[in-house]
Each structure stands twice: as structure tokens, then as C-alpha cells.
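S.K.: Have a look at this one before I ask anything.
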Amino acid sequence: MKHINKFKKRVQTLLFKSFLFAMLFIVIVSCSTDENQTVANFTELVMQDEFDTDGALNTAIWDYEIGTGNNGWGNNELQYYTDRTKNITVQNGVLIMSAIKESFEGSNYTSARIVTKGEHAYGRFEARIRLPYGQGIWPAFWLLGANCSDAVVWPQCGEIDIMEYKGQEPTTIHGSVNGNGFSDGEAITKSYSLENDRFDTGFHVFGIEWTPEYINYYVDDVLYNQITPSDVPGEWVFDHPFKIIINLAVGGSFVGSPNSETTFPQTMLIDYVRVYKN
């Protein structure tokens, strides 16, 4: 009987080890390259706006960008950006950006666009946002090189799109980088889609972790892409400070124009914006 018990224990041990090996194999095989990338840990909070004071935007942190820009901000956008409270205000702990259909300063729509006064190089950049919905609605949370100027023009200054979204595709967002040789339709990009959920029905956290070696893209702490210098066909221009921009565009080359089914106003709600470093 003792020999039988010992034999049973050896068999059980071998079966358990085989099970562990099989599970490890399944995990390794089932993970894509994107899901296995190195993740940096940024813990020092160096910039934040929790939007916890009702009323106007905190202009110690942000600047408003006003008008139609050059050729619809370079994207054939249809709106006029304003600093009016009907387009942008803080209420009940969230920043509310509203796209409105109205005649204003020669445009048929108004909305809002803001940019940080400060600039940062490397770290974790994240925002918790509930997105709008509808054909032709184009919200974005992104970074633009702080050195963009007449001397260093886009895309040489660099652009990191943490989140772009087509209002007519409420389950999908896009994360991209733009630089010389990889911009607009040739940007290095990847999409992330929700299963059994939509980005316009609840808040989600959109973020990147940016180091000199890579940019990791996240939705709700799910790592869905990594971009490295070897992934871009041109110069890696993500090695200097960038500014944060949040905007709610109407129309443009990325999404097309609103149609008869697009309702207004459309609102984007931002719960917080945070930047962490090591």
C-alpha cells in the first residue's frame, strides 16, 4: 500500500508539473508581440488637472486656441474654436467641451481646443475621457513638439496622437506618431477596439508611456501597441519636450463632414489629465 501511495504521489506531481508547463506554453503562445513589450513604471506626478473647480479653465495650466487655424488647422476642419463657456467649461468635476452647430465668425460650427503652457519630455501621459458620437465628430488627445515654429515645421517637430476617434465608429480609437516621412495617411498607427462596449457610453483612460527607446500605447491600462525608432521610416523626432493638446473637431479629412443623422451639441467630458515621470 505504501508503494502504491508513493506511486500515486509521483504521478500526481508529474501531472501537476505537466499542467503548469502547458499553461505557461499557452500564455506565451497566446500573447502577441505587442502584449509582451517592456512597460515603464512612472510614479512621480509632475502635472495634473483634476478639473475640480467649476467655471473657467485653469489658465495657469492651459491656453485656449482660437479660430480656424490654417486651412482648418491643417485638416480641413469645419469648426471655429472659441473660449466661450458654451463651448468649454468646468462643471461637477469634469471639463466639458461642446461642439455646437451655429453660424459664428464665418463657420457653421463652434467647439474648443486647448494646449498646455508647460511642456514635457518622456513620462506617462494620460487622460480619463468620455467621448462623443456621430458622423463627422473628431475628438483627440495628443502631443505636439514644443519646438514647432516657422523654423521647425510640422511634422519635423513631431506629433504623438494618444487618442484619435471617429464619431461614426464608437467602439474604436487610434494611436499614432507623425514625423518626416510618416505623417497624415502614412502615420505609424494602430487601432484599439472595445468588445461589447462603446467609448461614448462611459469614461476610459487613454495613455502613453514614452521613453527614449519606445512609446507604449494604452487604453484602460491595456497595452495594445509599442512604437520604437526601428518602426518608423524616417527620423525619430520624439526626443524633445512636447505640449499636450485636447480638442473636439467637427469635420475634417480624417472623419468627413457631419450628416443629417449627426445631432448637436456633441460633448466630450474630461475627468482628469495627468503626467508622471520616474
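The values are calculated or read from the model by the stated rules, or taken from the named source; none is laboratory data. A quick note: this is a predicted structure, and the numbers were derived from the prediction, not measured. With ideal geometry, Cβ positions are generated from the backbone for all residues, glycine too; neighbour counts draw on all protein chains shown.
S.K.: Which fully enclosed strands (runs of 3 or more DSSP E) of the range 76-154 have 1 or more residues being touching a residue at least 60 places away in the same chain (Cβ under 8 Å) and within 23 Å of Ile215 (Cβ to Cβ)?
M.R.: 113-116, 123-130, 137-145
S.K.: If I filter the range 223-239 for residues that are surrounded by fewer than 19 Cβ atoms within 10 Å (Cβ to Cβ), among the small types (Gly, Ala, Ser) and in contact with a strand residue (DSSP E or B) (Cβ under 9 Å, 6 or more places away or on another chain), do I get at least one hit?
M.R.: For the range 223-239, residues surrounded by fewer than 19 Cβ atoms within 10 Å (Cβ to Cβ), among the small types (Gly, Ala, Ser) and in contact with a strand residue (DSSP E or B) (Cβ under 9 Å, 6 or more places away or on another chain): present.
S.K.: For the range 160-191, give me the residue count where each residue is among the hydroxyl-bearing types (Ser, Thr, Tyr), under 13 Å from Asn225 (Cβ atoms) and surrounded by fewer than 19 Cβ atoms within 10 Å (Cβ to Cβ).
M.R.: Total meeting the criteria: 2.
S.K.: Go through the range 155-167 residue by residue and tally those that are under 20 Å from Gly256 (Cα atoms) and either among the hydrophobic types (A, V, I, L, M, F, W, C) or not in a strand (DSSP E or B) (or both).
M.R.: Qualifying residue count, the range 155-167: 4.
S.K.: Right, something else. Would you pick out the residues in the range 49-102 that are of a type in the set (S, T, N, Q) and in contact with a strand residue (DSSP E or B) (Cβ under 9 Å, 6 or more places away or on another chain)?
M.R.: Thr53, Asn58, Thr68, Asn75, Gln79, Thr82, Thr85, Asn87, Thr89, Gln91, Ser98
S.K.: Tell me, please, whether a residue that is basic (Lys, Arg), within 12 Å of the chain's Cα centre (by Cα), assigned by TED's automatic domain parsing to the domain that holds Pro265 and closer than 24 Å to Phe42 by Cβ can be found in the range 113-123.
M.R.: No, the range 113-123 has no match at all.
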